[in-house]
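Where a number appears in this text, it was derived from the coordinates with a stated rule and is not lab data. Bear in mind that the values here come from a model prediction, so they are computed numbers and not experimental data. Note that each Cβ is placed from the backbone with ideal geometry, even for glycine, and that neighbours are counted across all protein chains shown.
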Amino acid sequence: YPVARARVLFDATLIESGRWLSGSTHEVSSAGPSQGQIIYATILGERSGSRVTFTKAYDGTAPGYTVVEYEGALSEDCSEIEGRWAIRKNWSGKFLMIRSSGKEQAVEHEVFERI
């Protein structure tokens, strides 16, 4: 940010399907008229090997929060994504996402054919 601020912490749920990523986030707003309120965003992006890119788009309930672009690298053990974020190419910084231990869930879908 142009002004020094504390870290922005958010909880993210990421779903990977093939190379595509989707999901959502929630965080406590740190500025403006929505300060202190929980705000939500959706995530859309992709992963190619260890390279991860995604866009976090806020849902519009908090004025001033729009879109953040993320680009980073997935750790070898798939427990962290580290990289850079950018807002409108004017603001940018580093980010680190860490998977909570014990939170990984694998979902298996079976397809049934009707005869």
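What net charge is computed for the residues neighbouring LEU74, neighbours being all others with C-beta under 13 Å from the C-beta of LEU74, Lys and Arg scored +1, Asp and Glu -1?
-3
Which FRET efficiency value, to the nearest 0.05, is calculated for THR13 and TRP91 with the Förster distance at 30 angstrom and r the Cβ-Cβ distance?
Efficiency, rounded to the nearest 0.05: 0.75.
Using the Karplus curve 6.51 cos²θ - 1.76 cosθ + 1.60 with θ = phi - 60°, what ³J(HN,Hα) values do you get for each residue of region 65-75, in whole Hz, with x for Gly and Pro?
Per residue, the Karplus-derived 3J(HN,Hα) values read 8, 10, 10, 10, 9, 10, 9, x, 10, 7, 5 Hz.
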